[in-house]
1. State whether one or more residues within the range 208-226 are within 19 Å of Asp154 (Cα to Cα), of a type outside the set (D, E, K, R) and in the same structural domain as Leu135 (by TED's automatic domain parsing).
2. Yes or no: Ile159 closer than 17 Å to Phe227 by Cα and out of contact with any Gly (no Cβ under 8 Å at 6 or more places or on another chain)?
3. Test each condition in (1) more than 17 Å from the chain's Cα centre (by Cα); (2) at pLDDT below 95; (3) surrounded by fewer than 13 Cβ atoms within 10 Å (Cβ to Cβ) for Glu69 and report the one that comes out false.
4. Which condition from (1) within 27 Å of the chain's Cα centre (by Cα); (2) modelled with pLDDT under 95 is the one that Thr171 breaks?
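The values are calculated or read from the model by the stated rules, or taken from the named source; none is laboratory data. Nothing here was measured: the structure is a model prediction, and the numbers come from that model. Cβ placement follows ideal geometry from the backbone for every residue including glycine, while neighbour counts extend to all protein chains displayed.
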Amino acid sequence: MTDPKKSRRELMLGLGSFGLSAVGMAALSGCDGARGWREGLGGRGAPPPMDSGDSGLLDTGWSDTGVEEVSDCEVTGNFAEGPYYLDGAPSRVDLRTAGELGTNLRMTLIVRSGRDCRLLADAQVDLWHVMQTGLYDLTGSDMHYRCNVQTGFDGRVEITTLRPISYYTETGKLMPSHFHIKVSAEGHKTVTTQLRFANDPDDDGEVPPELLLETTSTSDGTQETTFVVTLAAS
């Protein structure tokens, strides 16, 4: 006659072995997925792809965070580099110089491709502007108010500086407040242009309206502005 206690014990042991085996198989089969899930929550995974490769279409899994609509990809035009560009500017995003007073300004530059409007990671952004003395730093080792930075995976770079002042050139011409930028990216043509300010009483109207910056002010008086640079495909 079968021992009922023994039968129950054998049944429980059999189920326990099956359960452990199932859990083990699930863990082995799902370990990569679980790791990816954890990394996704922790933000340690690689950023989503910027495009879908050769298709030229935006990847639908990437949420475009640009302030402009994706369909807005009119190529940014070139405008006078000027005589004060210097190669080799430092990589920094805060250009403010100790001891110089002025209006704090925070600029967000967003770089897109004119081919398909996608955001361009690792685009090179050269920016330079006049000092608060009305002169450009051409000889100082600190290269005041100059920078050379790369956009992040979201195609953006945020630069904090003092708003440039208007100044007179050596020929006596009044130059309105402006930034110089030179932007380049692999597979695209470099654009070199000036950005001036809308409603500036010193502006002479030489730059087209699409190169004028609109600003807003925060509670502490800092001005903020955003500009989208769209590069033509080479």
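1. yes
2. On the way: closer than 17 Å to Phe227 by Cα: yes; out of contact with any Gly (no Cβ under 8 Å at 6 or more places or on another chain): yes.
Against the criterion (closer than 17 Å to Phe227 by Cα and out of contact with any Gly (no Cβ under 8 Å at 6 or more places or on another chain)), Ile159 qualifies.
3. For Glu69, the failing item is (1).
4. Among (1) within 27 Å of the chain's Cα centre (by Cα); (2) modelled with pLDDT under 95, the lone unmet condition for Thr171 is (1).
Yes/no per residue for (1) acidic (Asp, Glu); (2) surrounded by 14 or more Cβ atoms within 10 Å (Cβ to Cβ); (3) touching a residue at least 40 places away in the same chain (Cβ under 8 Å):
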| site | (1), (2), (3) |
| --- | --- |
| His144 | no, yes, yes |
| Phe153 | no, yes, yes |
| Arg156 | no, yes, yes |
| Ile159 | no, yes, yes |
| Thr171 | no, no, no |
| Gln194 | no, yes, yes |
| Asp204 | yes, no, no |
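Table: residues versus (1) over 20 Å from Glu74 (Cβ atoms); (2) in the same structural domain as Tyr84 (by TED's automatic domain parsing); (3) touching an Asp or Glu at 6+ places or on another chain (Cβ under 9 Å).
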site: Leu127; (1), (2), (3): yes, yes, no
site: Tyr167; (1), (2), (3): yes, yes, no
site: Lys173; (1), (2), (3): yes, yes, yes
site: His180; (1), (2), (3): yes, yes, yes
site: Ala198; (1), (2), (3): no, yes, yes
